[in-house]
Amino acid sequence: MNIEVLLTESEIAEEFVESVEARDLPEKFFYWTTQSVKAWQALEARSGDSLRGTWETLSARAADLTKPFGNRVPVISFGAGEGLKDRTILRALAKAGREVRYFPVDASQQLLETACAGAEDDDCEALGIKADISSPMHMVLAADVSEAPRLFLMVGNTLGGFDPMDQIRHVADCVKKGDILIIDTNLHPGVSVTPTEEQRRFVFAPLAGLGVTAEDGTIEFAERQDDRLDGMSLLTRRFMASRDLRLHVAGQEIPVARGERILLNFRYLFTAEAFRWLLTEHAGLRVVAEIPGSDGKFLTAVCIKA
Ligand SMILES: C[S@@+](CC[C@H](N)C(=O)[O-])C[C@H]1O[C@@H](n2cnc3c(N)ncnc32)[C@H](O)[C@@H]1O
């Protein structure tokens, strides 16, 4: 298995200590440990079926979409996770006789290994890239692993775990003439939704890994409209300590006082119009196809450079 490392485990561990000290845990730490990965898989299993139709449609169209690429199709997936969705495309392309090379990009060593191993089980050549996709430099280095034309994927609402106004521009900077980007978002349901037990466990997992228990505090979910764009809203999750705590992080003791809050990862949700605006007017991409999820919860867009 080949994995190129732009982001080392010791860099991640250092950032984790700093993040706990700052009371603000970025998205990458919610997939870092085995405990977090298990909690995420349980969440995915629960919400699993809603995107099946989308990926069947994309797989059926994959060979046609990438016809101008010729025989060789490099597939670069930002925030690939286990690569389960990506593999449906890889398989469809291989079935159409294309020579596919797969480049999953992720900060999680465990998920990256799973993505590479899965592709290799399907006889697809894979090179994992362990990188921080919130860094524009890492994004460019990861994209440069192959020359255009390339098929980029950023799916499973990966975009919504970052500030989308900045992140989509970093993604769009990687997309050159001839490349294709498939990207999706969770659509706003129009009403506020009560978080499921799986969602609660997923957001709590990094703290649980530090020994924090349900008796040590509460998780607060809140939603607000982001004033920068109509139809773009932010779902935040915060832990509030209900007693004084001493967190042991990488050999350091970090005290957290009763009443203090720790920001957990967030999710951006869009209306279809806001998502289109973000891709086109804001990021300078052209949407050539849209695939709505069967239950109206997701929207997937196929984009090229405008
Ligand atoms: C919502 S999951 C989606 C995974 C996959 N694309 C799917 O659809 O199943 C987000 C993925 O982005 C990765 N990720 C989060 N923050 C990251 C960062 N800063 N750099 C690299 N990967 C990151 C996580 O490890 C996770 O695999």
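The values are calculated or read from the model by the stated rules, or taken from the named source; none is laboratory data. Quick caveat, the model's predicted, so the values are computed rather than measured. Heads up, the Cβs are rebuilt from the backbone with ideal geometry, glycines too, and the neighbour counts pull from every protein chain shown.
Residues in segment 95-110 that are in a helix (DSSP H, G or I) and either of a type in the set (Phe, Trp, Tyr) or within 10 Å of the ligand (Cβ to nearest atom) (or both): Gln109, Gln110. All conditions but one from (1) closer than 19 Å to Gly160 by Cα; (2) in contact with a strand residue (DSSP E or B) (Cβ under 8 Å, 6 or more places away or on another chain) apply to Ala39; the one that does not is (2). Where strands (runs of 3 or more DSSP E) fall entirely within segment 219-303, those with at least 3 residues that are farther than 18 Å from Leu159 by Cβ are at 232-241, 245-249, 252-256, 261-263. Filtering segment 232-256 to residues that are of a type in the set (Lys, Arg) and under 26 Å from the mean Cα position of the chain (by Cα) leaves Arg237, Arg238.
Within segment 205-217, if we keep just the residues that are touching a residue at least 12 places away in the same chain (Cβ under 8 Å) and outside any helix (DSSP H, G or I), the residue that is nearest to Glu44 (Cα to Cα) turns out to be Gly209. Scanning segment 1-20 for residues that are part of a helix (DSSP H, G or I) and either out of contact with any strand residue (DSSP E or B) (no Cβ under 8 Å at 6 or more places or on another chain) or exposed (fewer than 12 other Cβ atoms within 10 Å of the Cβ) (or both) turns up Glu9, Ser10, Glu11, Ile12, Ala13, Glu14, Glu15, Glu18, Ser19.
A quick yes/no check of all residues on (1) closer than 11 Å to Val155 by Cβ; (2) among the charged types (D, E, K, R); (3) under 23 Å from the mean Cα position of the chain (by Cα):
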site	(1), (2), (3)
Leu51	yes, no, yes
Thr57	no, no, yes
Ala63	no, no, no
Gly70	no, no, no
Pro74	no, no, yes
Phe78	yes, no, yes
Gly81	yes, no, yes
Thr88	yes, no, yes
Ala92	no, no, yes
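Criterion applied to Ser77, Ser59 was being among the hydroxyl-bearing types (Ser, Thr, Tyr), without any contact (Cβ under 8 Å) to a residue 40 or more places away in the chain and within 15 Å of the ligand (Cβ to nearest atom), and the one residue passing it is Ser59. Does Ile182 satisfy being more than 26 Å from Arg46 (Cα to Cα), β-branched (Val, Ile, Thr) and surrounded by 18 or more Cβ atoms within 10 Å (Cβ to Cβ)? No: the conditions fail for Ile182.
A quick yes/no check of all residues on (1) farther than 30 Å from Ala257 by Cβ; (2) modelled with pLDDT under 95; (3) in a helix (DSSP H, G or I):
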| residue | (1), (2), (3) |
| --- | --- |
| Gly48 | yes, yes, yes |
| Leu51 | yes, yes, yes |
| Ala63 | yes, no, yes |
| Ser77 | yes, no, no |
| Asp86 | yes, no, yes |
| Leu93 | yes, no, yes |
